[in-house]
Structures are given as structure tokens and as C-alpha cells.
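Heads up, the thing below is written out as C-alpha cells.
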Amino acid sequence: MKGHTAIQSVRLFILCLFLGFALLARAQTDDIYFEHLTVADGLSQNSVHAIVQDTEGYLWFATQDGLNRYDGYNFLVYRHQTDDTGIPTAQASLSSSTVWSLYEDRAGTLWAGTDNGLNRLQRASGRFVQYNHDADDPDSLSHPTVTALFEDDAGNFWVGTSRGGLNQLDRETGRFTHFHHDPDNPDTLSSDRVNALVGDNNGYLWVATEDAGLNRLDVSTGNVRRYSHEPDNANSLSSDDLTSLLVDAGGTVWIGTNSGGLNSLDPQTGTFTRYMHHPDVAGSISSNSLRSVYEDSQGRLWVGHYLGGGLDLFDRETGVFSPLPYQPGVDNTLNDDHMLTALEDSSGIMWFGTHVGGVNKYDAKQARFRHYHHEWWSDNSLSEDTVRAFLKAGRTLYIGTQGGLNVLDLDTRNFVHYAYDPDDEQGIPHNIVRALDMDAQGHLWLATHGGLSRFDPVTKTFTNYHHQPGNPSSLSNDVVWRVMIDRRGSVWVGARDALNRLDPETGRFTRYRHDPDDSGSIPGDRITALYEDRAGRIWFSTMTTGVSRLDVETGEFIHFRHDTANENSLSNDSVFSIFEDRQGAVWFGSRSGLSRLDFETGTFHRYSVADGLPNDVIYGILSDNNDRLWMSTNKGISRFDPETGTFANFGINDGLQGEEFNNGAYYRADSGEMYFGGVNGFNVFEPGAIEESAYNPPVVVTQFSVLNQDRAISSDSDLVELSHFENYLSFEFAALDFSAPERNQYEYRLSGVDSDWIPSEGRRYASYTNLQPGRYEFEVRGSNSDGNWSTQRASLAIYIAPAFWQTAAFQVALTIALIAVLLMLYRYKTITVSRRNQVLETMVSDRTLELTRANTNLQEEVIRRQQAEEEIRQIAYNDYLTGLPNRRLFMSLGEQALHSAAREQTNAAIMFVDIDLFKEINDSWGHDAGDSVLVTLAERIRSVLRASDLVCRLGGDEFVLLLTDIKDAQFAVKVAEKLKEVITAPIDISTLVSGQSHQVSVGVSIGISLYPENEDDLEKLLILADQAMYKAKKDRQTFFCFHSDNATLPG
């Protein structure tokens, strides 16, 4: 019997140990969520074998179909290229599109190892220098397939190959020194099949091979020590098939194997510790087939598996591996079970390359908001994702959902579900639970769509209160939205048709209903919020009639309503939440933002999207220990600091359950943690842990274009020199904070053009046209995803050279030539005067005349050249009469503008402008007068437009305008009205009418088409605007017309 008891004790101990490891592993990974970058996002291919972040801040991904540079928004892909004949373009592109390894050395040079050689990127040109294997050259790369790259502390650059051993590259000469396996020499590499390289602080290079274990190379002597698997030695390597290496911060060498799990080597003792997969042991490594081992800045080890198993997060103190498996169909988990590589970027984000799933991204910032949701694969989760209410009692969390009551044990993380059962009279009366509160006796009160219910946590039974027709002392309606226990013990119930108060001792309800004949009654019957302030007064709000306050002692109501004529009134009569802060101010969340009541004046101060809120619908309001307000909205959670009046907003990329939250689903526990529920579960967080990111991201110019043609630039470019006609410039830029790039903000300026920083307003590009010769500097600054501006800026110096006749050298040369001619004339005259006064004076006069004519001819030749160049430019790009862009230039710039609008999801408008009554001016006053009128009209039209808008003259009396980045159709209407004002103003043509004083006037007809509402093609937009213009011309009641009557733009 004692033996049986002992066995039972051992089994119990093992079970507890198993459960302990399981809980510990789950705790480590519960808050880890992944985002994915795949070919659908622009990645060239989904097998990512290496990841590097360079010194500029870009991320680089090595795939089997090219090398990808990522700026948080777009991928720039480098591939192997051939010319039109199929011959590879030598020394220009990658030697192969299959890239196995990446490395950036200390000089900032990026190296890429492919299946056909080594490549070095020249950043300024975007070209590659290739290092290829040549069987006839003993100093070339030993094998074409490059599997590993590493630069040691001494500056030696090492190249591992799949069948050619180890190479040391002399980067000055381009020659390689080879280290091969010699079966007769134990001091050489154990194999020529190199899979991984890493160095340590002792000057050793560690070399992992595919088939012969681990090697330690003494770089100073060239001696090699081998480590291999010994079947009879448990302290040896578990396998000789090695895949990955890591030297951690403490100097321990970690080795990933293809079949023997993970090994750690103590370099001092030379002994190995093995970590193998054991199916029956909780907390063991997920598989024995590894591809990557990575140590992050927090000292955690990330272990990537290849033949299934996904990722493990290894806690070296406990020896527990926490699995992060691939879970098909489950959002925010790994999208592939086969891991190839890992990297932590400078902001702390982890990136994982997979076999077929592209890149998986883990941002620890998302873990700040812990997310609970329904897990279809597990019974131990929320019963339903639509969450309506919370209440925490001790270590138990009660959650009201649309699928019943959920009870979560916060220690074990186990859920208990209570769902409606029509055959259970002591069960929950309905599955929709809208509100929760607890009385002094520890009973939980529930507002449900099946009545009011009281839950006894001890007996696990429900006592239900229903509406009883004909009984005025019963609940007014079984659809109950709110429940609250006041300090007197009364139970206040907000039903869909009345406010109710329950006396728990008698079980009788008192109803408060709106009476249109009684001004002292409540203003409405549909109760949306209940709140008791510190003075014991009861506040409640209704669906459409504002907020009321009840003095329980006197029974008197005070009502607060929205008044459209009073900006100091409540912002909206539909109020969802009420909150009193520690200073006694009362705050209200409504459909129109946040309102704060000033008791002394009885006025409200309003806050809306214009003040920084992400959305004007506020469902819940809570306050933290620093008196900051936390609000749930239809667009995430917002934090408001009343002292500074500033908002900080959080969205899905911060780990929220979704953008949309639910009214009533907000709660602060006594411990200070906050709960907010929505349509995809709920979030819980510690407000003090939600700090804004201090990351200082690099800012880069990602693309520079001249006359719509891309120009290669690099971070070390000192000056970009352009000719005088290359004066149409555009820039794209990015702040390299990859946490939530869509929230990064930008400002830019061009010295000599912009007097101050220009907010980009969500765009990541800037363009400038018609720049004059001179020096310019383009600067851009950006913020991180939390809106904090980086101290780093990107800049690009530009010099636009003047035309030759505009140069100082030409002007000086011309002056010197004139002086020389004059000196020659003077000397000639001085010599000849003494010989033949009269005759030579005449000759000098003739000669002077000849030279003057020669000088005149020279000047005329210069002018002719200037005119010829200007005529060529005018013919190519501009209208000869008005100087406006012609159709050719307009179409080129217009296509670029629509391309930018499509990329940035902004709107644009085409305006076709026809000048009415112009023919009468030509017929009555002649074509000179008509030309003068056209020139004047061109100047007036140009004065109405912004710098980013375009205008061209199509010919005759027709002009076309392109308005970029417009908010809505009303903007085009305002421009049309301004155009009419300046076009129809009288024009003075007195100088052209034989001295007569005369003015003429013209009319205007305007047709408008909208991008992208009407069309996304520029030619078609022009046709639609032309048709709309003719419609306006026919309709004498208006001077402009849209292509369609419902001219509205997407919001």
C-alpha cells in the first residue's frame, strides 16, 4: 500500500511539473502576435533565407528570386539581369537571383552570397560587383554557392561555400585565400560543406559544416580544432549535420542541427549540452530539425525549426522552450512552420524568414495590449468575440458577451462559460449580457436581453427578474442594457423603455419614465449609461435625449442637452459613457466626441477629431493614476492628458482587438488595469506600461526623379548636379520605423523655395517644377509610429547649372573681348596719327565702324543661340503664346500626378475651361487684341491655382486644369467660382486700338471630371470634362458642370 501511494505521489509530482512547464511556456508566448509580409505585399518571393538591416536603416531580404530592400512601404527588388540578346549584363546586376546569405561589413558595404558567386553592392549606382568562381584562377572564389558571410574583429572577411570550404577575401585586391578539408591533416577543416560562420571575442572563427560537425579556426595561426558527434559521449555534439551558429552575449556557442536539436558549447570546458525534442516532456524543444538560433537584445533565444515546429522561445534560466507553432486559419500566428532566419532590428522588432510564408514580424509593442478572443480550436477561450461588459473580483474576471457570461480564472487562465438553457430555471436568462455589477454580498448582477439576473458565485446559480404584464412593481422590460449598484444598495436598471430602481429586500421595482406633460420627469426612456458620482447622485444618459442627474434625496432631475445654437452645450444628445475625475469634473463620451462639464458655469468644453481624437464616437471613459483619460472609440483607443490637452491614439498595430469597440465594454480594476471590449474580443493593459516609443528612426530619401526619370542616389551623395532644363524634380521618402509605418509623419522643405516645413499630410512624396538655376537643399524629417519626431533628417543637395549665356565666365569673356577690341583700336590710332593725320583718321573711323559691326554680329549670334534654345524648349514643352505647358507636357505631368494620387489614395479633378465671346474680340478688334486677351487670361488662371496644380493651353480659347490632392468636389466648385471671377473681369486693350480707351469682357464655360470617381485614365478624364463643358455651355443657368450630377469624392 505504501508503494502504491509513493507511485501515486510520483505521478502527481510529474503531472504538476508538466502542467507547470506548460503554463510557464504559455505565459511566455501568450502576447506574441505576428504580421506577415509576402509576395502579396510586394516581396519578390516567399522563401527568405537571410535578413539584414543596414546602417541607413533599410531592411534587406534574401530570397530565391532576388534581393529585396524594404522601407516599410515598398520593396525595391534586385535580380540577375540579361540584355536583349540574353547575355548577362556583367558587373551590373546580381550574379544570380537565388540569394542565400547577406552581410553588411563595418564600412557599410552590403554583400550578397548567391548560388553563382559573391556580390558587392555599389549603393550610389545600384550596381553590383561580382566575385565568381573560376576553375582556372586559383585566387578566385573556391565554389559558386555562397552559404555564409562574416567579418571578424580584425577586419577579415570570410566566405563560406556549400562545397568549396572557407574563403578569406582581400577586399583591396579581390583575391581569395582558401581553407579546405584535408583528410590527411586533422588541423584543417573537417568538411568543405560550410553552412554557418560566427566569431567570438577570443579571436576564433566558428565554422558549422553540413556533414562533419563544428570547427574552431584560430585566425592568427590558421589552426583548426574539430568538434564532432561521439555516439558514446553524451557531452559531445548531438549531430554532425549543423545548420546554424550563435555566440551569445556571455560567450556560449549555440549550435543548431538538422536532426539533433539544439546544442550549447562551453568553450572553456569543451563540453556540449543537448536540448532534444521529447514528445512527453512539456517545455522541451519543439523539434530536432533547426535552421536558426538568434539572441535578441533582451537575452532571449529564438529557435527556428525547419521540418515543422515553427519557433521556440527559450528561457535559459528555466530551461523551458515556449512553442510558437504555425496554426492554419488562426490570425496573428506564424504563417509557416519552416523557419530559415531571424533578425532583431534597431527598434526591437523581430523579423523571421520562412520557407514559404515570406517574412513574419513580431513587434513587442503589440504585447502592451493583451488580447483575449474566441479561439475556434480551443474550448478554453471566450465563448463569443462580441464583448459587452467586465467585472473583476479578486482573481476572477467576469466577462459579458453576446454568447453568455464568461468567468476567467486569472491564475490558471481557465474559462467557465454560462450559456442560456431554456430548461434551466436557475440558469442565465439570455446569452446577450450587456452590463455587470457586484453588490456588497458578493452577488454578481447581470443586465441581459432576457431580464435582470443575480448570480451567486458560490452556488453557481442565477436568480432572475422579469417583466410581469399588469404588475407595475416588476421590471419594466426584459431587454436590459445597464445595471448599477449604488452606495445605498439599490439596484439601478436601465431598460430599453424606462429607468428602474430595485429594492433588493422587497424585490419591488420603481419605474422612471418620460412624461411629456411633466417637465420634472426623465427626458427619455432608452437608457445607455448609468453612473454614481462621489456625492451619491445618479447620472444617466439616454439614446437621444442627453444626460440627466438625479438627486436621490429630493427626487429632482437636472437635464443637460445638446443645443445647436450653443457651442458650450453638450456635444451630442446620444451619450454612451459618463465619468467623474478626481478633481470632480464630469466627462461625457458621445457620438460627437468628448465633453467636460464645468459645474460653476454649467457649460461644456468639447473635444473632437479636430483636436486629436481618432474618431468622434466615444464608447467608454476611464482614468489612470496620472489622471489621464482612456477612451474606446470606433477607431481604436485614445489617451487624453487634460493638463496638456493632447491625445495619443492606439490602433490595431498596437495589438488592439480591432478598430471598433462596444459601448458599455470598459472597466478599471482596483489594481489599475483596464479592460476594453469590442467586436473581436477584448484588451487588458496596465496604463503605466503604455509608454510612447522613444525610437529615433533614420529618415531616408528613397527615390529621386528628374523630369519623371529616376536618378540613383546614395546616403553619401554630396551634390546632385543638373543642367538648366532639368528643373522638374520629385522626391519620395520614408522614416524607417517599421512598427506601424502608416502612422509615421513627415515634413519637408526645399531651401530657396519653402520658407518653412511643409506637412506631408499622409503623403510620402514632394515635387517641384520650374526651378531656377542655383543651389538647393531638399530636407525631410519624420516621426516614429507614436508621432515623436526623429532627430535624424535626410537631405539632398542639388545644383541646377545656368545656361552658358547665364554664366559669369561668359559675361566676363564678353567684357574682356570688348575691352581688347577697344585697346587695339586705341593703339592703332596712336601709331597712325603721327604719319597721316587726316587720312588715318578716316581709316580709323572706318575700322571702328567695321569692328562695331563685328561686335554687333557677335552679340546677335549669341542672341540667336539663346532664342534657338528657348524656342526648342518652348516647342517641346510650352505654348508659344502664353508660356503655359502644352498638351505634351501636361499629359506627362498629369500622368505622374494621377500615379501619385493612386498611390497615396488622394483625389483630383480635371477642369476643361472654354472662353466664351472670344471670337467676337478677334472679329472686332483683330488677332493682336485676341492674343493679348489670351495672355492676360493665362496669367489670371495661373494666379488662382496652387503650386501643385497644373494648367495648360490646348489651343485657341481652351485651357485644361488639373487640381491635385483635393478633399472633395466642393474644392473644385470654389476654384471654378474663382476662375469665373478673374476671367470675366474686364480686360484693357487700349494700347492695341489706335489710342482708343477700350475694355473687353469674356465669359467662361467649365466642365469638371473627378478622379477616381469618374475615371482613372487621364485621356478619358479630359474627354469627360470636355463633355461636361459643352453641357455647361448649353445650360445657361450655370457656367460650370460636373460630369455627373452626384459629384462626391471618397472620404
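Determine the relative contact order of the chain: mean sequence separation of Cα pairs under 8 Å and six or more apart, normalised by residue count, in whole percent.
Details: 2524 pairs, mean separation 54.6, N = 1051.
RCO, the chain: 5 percent.
Rg then Dmax, both in Å and based on the Cα atoms of segment 280-336: 11.4, 33. Each 10 Å bin, from zero up to the one with the longest distance, holds this percent of the alpha carbon pairs of segment 575-626: 26, 54, 20. Excluding residues on the same chain fewer than 8 positions from residue 1033, give the lysines whose Cα lies under 22 Å from its Cα. Hits, sequence-local ones excluded: 919, 974, 978, 980, 1020.
With 10 angstrom as the radius, rank 891, 339, 843 by how many other C-beta atoms surround their C-beta, starting from the fewest.
On the way: 891 16, 339 29, 843 13.
Sorted ascending by nearby Cβ count, the order is 843, 891, 339.
Under a model in which nothing but the beta-carbon of Lys, Arg (+1) and Asp, Glu (-1) is charged, the chain shows a dipole of about 1680 debye around its Cα centre.
About its Cα centre, segment 699-802 has a charge dipole of approximately 80 debye under the convention of +1 per Lys or Arg Cβ and -1 per Asp or Glu Cβ, with nothing else charged. Plainly put, the chain has a radius of gyration that is 1.09 times its Kirkwood radius, both from alpha-carbon atoms, as the Rg/Rh ratio.
Placing one equal scatterer on every Cα of segment 699-802 and applying the Debye formula, the log10 ratio I(q)/I(0) at q = 0.10, 0.12, 0.22, 0.24 Å⁻¹ is -0.27, -0.38, -1.17, -1.35.
Going by neighbour counts of Cβ atoms within 10 Å, the residues 671, 595, 228, 845 line up, fewest first, as 671, 845, 228, 595. Of the residues 805, 789, the one with the fewest other Cβ atoms within 10 Å heads the list, and the complete ranking is 805, 789.
Placing unit charges on the Cβ atoms only, positive for Lys and Arg and negative for Asp and Glu, gives segment 946-987 a dipole magnitude near 100 debye about its Cα centre.
The alpha carbon convex hull volume per residue for segment 953-1010 rounds to 96 Å³.
Positive end of the dipole of the chain (Cβ unit charges, origin at the Cα centre): among 288, 597, 674, the Cα lying farthest that way belongs to 597. Couplings for segment 728-734, taken from phi via the Karplus curve 6.51 cos²θ - 1.76 cosθ + 1.60 with θ = phi - 60°, read 10, 10, 9, 9, 10, 8, 7 Hz in order; Gly and Pro are left as x.
Let me make sure I get this right: for segment 480-634, a, b and c are the square roots of the gyration tensor eigenvalues over alpha carbons, sorted descending. Under 1.5 in a/c it's rounded, otherwise prolate if a/b > b/c, else oblate. Which is it? Walk me through the intermediate numbers first.
Values: a/c = 1.76, a/b = 1.46, b/c = 1.21.
Prolate shape, in that a/c is at least 1.5 and a/b is the bigger ratio.
For residue 203, neighbours were defined as the other residues whose beta-carbon sits under 14 Å from its Cβ, and their charges (Lys and Arg +1, Asp and Glu -1) total -3. With the charge dipole of the chain set up from +1 on Lys and Arg Cβ and -1 on Asp and Glu Cβ about the Cα centre, the Cα lying farthest toward the positive end among the listed residues 1029, 442, 304 is that of 1029. Partners of residue 635 within straight-line reach, counting lysines whose Cα lies under 30 Å from its Cα and excluding those fewer than 8 residues away in the same chain: 361, 365, 392, 967.
In segment 383-431, with Lys and Arg counted as +1 and Asp and Glu as -1 at Cβ, which of these residues, 408, 394, 431, has the Cα nearest the positive end of the dipole, that is, farthest along it? The listed residue farthest towards the positive side: 394. The equivalent ellipsoid that matches the C-alpha gyration tensor of segment 657-699 spans semi-axes of 26, 16, 6 angstrom, in descending order.
Select from the chain the helices, each a whole stretch of DSSP H, whose alpha-carbon atoms run 30 Å or more along the helix axis and whose Kyte-Doolittle mean is at least 0.0; answer none if there are none. Write out the running numbers ahead of the final one.
On the way: long enough: 2-29 (41 Å, 1.00); 808-833 (38 Å, 1.62); 837-877 (59 Å, -0.85).
Result, helices passing both filters: 2-29, 808-833.
Relative contact order of segment 699-802, please, whole-number percent, based on alpha carbon pairs below 8 angstrom and at least 6 residues apart.
34
Every number here is computed from the coordinates shown, using simple stated rules; none is lab data. None of these values were measured; they are calculated from a predicted model. Ideal geometry is used to build each Cβ from the backbone, glycine not excepted, and the neighbour counts take in all protein chains shown.
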